[in-house]
Amino acid sequence: MFKMNDTLSPLQQQLREAMSGWGCPLCRLAAQAEKTYIDSVNYERVIDVKTRDVLKASRGFCAHHSRMWEDLNGSALGVAIVYHISILDLLRDTEPEKLPKGGGLFRRGEAAAQVADILEASVPCPACTLVEETAHRFATILLKDLKDPTLQTLLRDCGGLCLPHLRMALRTPGAGKVHSTLIAVHREAWQNLMGEMEEFIRKNDHRFRHEPLTDKEGDSWIRALDVMTGKRG
Ligand SMILES: [Zn+2]
Ligand SMILES: [Zn+2]
């Protein structure tokens, strides 16, 4: 269990706790926020007018978040209520008298593209927005806390940030002061992982098959995917 530290704010504490297991802490925190949000939409927010207004403007959730909601228990009625509005909007937005006409071949192509624009959402998927905001919030805390050697060790031992979140952190205001530390910590984490992958590859050779793989070597290839693309779920 992670040791609590009284001098840290709850968010700093949360960030440290997210580094207690393997994998990018920003992925983990964003996934927690995402799950809480979709659960709350499922259980309570679907009756909230503001939530429904946002989901109307975004034409529902993106594919990933729609399916996440679909997979929750008891989601049928809530999904029907929200997506009934979305389908109704498609019908309203494509009423023949409202659509751009355009004569001539070129104009007709232009009119088709305009219809595509009409069918766009006016705001992004609210769950995606929340995921991004959560990662940003914790990236800012990470940058502020990075001078703490304890945090550096935690970050290295959890494998560091995934590459997409590392790029995001480096582009966050305040990164300029600590970016060399951030990269140094990640280089150590990548070197450790690379060593484990090299052993995994070597021990898969028939000449060394008798040498048992350690747990870390055994799943090093999956953790390389986590580093390059972000932690699953
Ligand atoms: Zn990540
Ligand atoms: Zn989304």
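The values are calculated or read from the model by the stated rules, or taken from the named source; none is laboratory data. Only a predicted model underlies this, so the values are computations on that prediction, with no experimental measurement involved. So basically every Cβ, Gly included, is an ideal-geometry build from the backbone, and we count neighbours across all protein chains shown. Surface accessibility is based on the protein's heavy atoms, side chains included, excluding ligands, DNA and RNA. Shrake-Rupley method; radii C 1.70, N 1.55, O 1.52, S 1.80 Å.
Quick look at the values:
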{"read-out": "Residue in region 29-81 that is most open to solvent (accessible area, probe 1.4 Å), counting only those that are touching an Asp or Glu at 6+ places or on another chain (Cβ under 9 Å) and among the charged types (D, E, K, R)", "value": "56"}
{"read-out": "Single residue of region 65-105 satisfying the filter (among the basic types (Lys, Arg) and not in a loop (DSSP other than H, G, I, E, B)) that is nearest to residue 124 (Cα to Cα)", "value": "67"}
{"read-out": "Residue 15 vs. criteria under 20 Å from residue 165 (Cβ atoms) and touching a helix residue (DSSP H, G or I) at 6+ places or on another chain (Cβ under 6 Å)", "value": "yes"}
{"read-out": "Residue in region 205-225 that is within 16 Å of ligand 1 (Cβ to nearest atom), out of contact with any Asp or Glu (no Cβ under 9 Å at 6 or more places or on another chain) and assigned to a loop (DSSP other than H, G, I, E, B) present", "value": "no"}
{"read-out": "Verdict on residue 131 being more than 19 Å from residue 186 (Cβ to Cβ), of a type in the set (A, V, I, L, M) and surrounded by 16 or more Cβ atoms within 10 Å (Cβ to Cβ)", "value": "yes"}
{"read-out": "Among (1) closer than 30 Å to residue 35 by Cα; (2) open to solvent by 60 Å² or more (accessible area, probe 1.4 Å), the one test that residue 230 misses", "value": "(2)"}
{"read-out": "Qualifying residue in region 135-156 (condition: away from ligand 1 (no atom under 12 Å from the Cβ), loosely packed, with under 14 Cβ neighbours inside 10 Å, under 17 Å from the mean Cα position of the chain (by Cα) and part of a helix (DSSP H, G or I))", "value": "no"}
{"read-out": "Contacts under 8 angstrom Cβ, first residue in region 69-88 being assigned by TED's automatic domain parsing to the domain that holds residue 47, partner at pLDDT 95 or above and open to solvent by 60 Å² or more (accessible area, probe 1.4 Å), 6 or more apart", "value": "79/70; 85/56; 86/56"}
{"read-out": "Contacts under 6 angstrom Cβ, first residue in region 187-199 being under 15 Å from residue 152 (Cα atoms), partner open to solvent by less than 80 Å² (accessible area, probe 1.4 Å), 6 or more apart", "value": "188/156; 189/156; 189/159; 189/160"}
{"read-out": "Residue that is farthest from residue 149 (Cα to Cα), among those in region 161-176 that are assigned to a helix (DSSP H, G or I) and in contact (Cβ under 8 Å) with a residue 24 or more places away in the chain", "value": "164"}
{"read-out": "Yes/no for residue 206 being more than 16 Å from ligand 2 (Cβ to nearest atom), surrounded by fewer than 12 Cβ atoms within 10 Å (Cβ to Cβ) and not acidic (Asp, Glu)", "value": "yes"}
{"read-out": "The lone exception for residue 123 - which of (1) closer than 24 Å to residue 67 by Cβ; (2) in contact (Cβ under 8 Å) with a residue 60 or more places away in the chain; (3) touching a Phe, Trp or Tyr at 6+ places or on another chain (Cβ under 8 Å) it fails", "value": "(3)"}
{"read-out": "Considering residues of region 106-133 that are part of a helix (DSSP H, G or I) and in contact with a Leu (Cβ under 9 Å, 6 or more places away or on another chain) only, the residue modelled with the lowest pLDDT", "value": "111"}
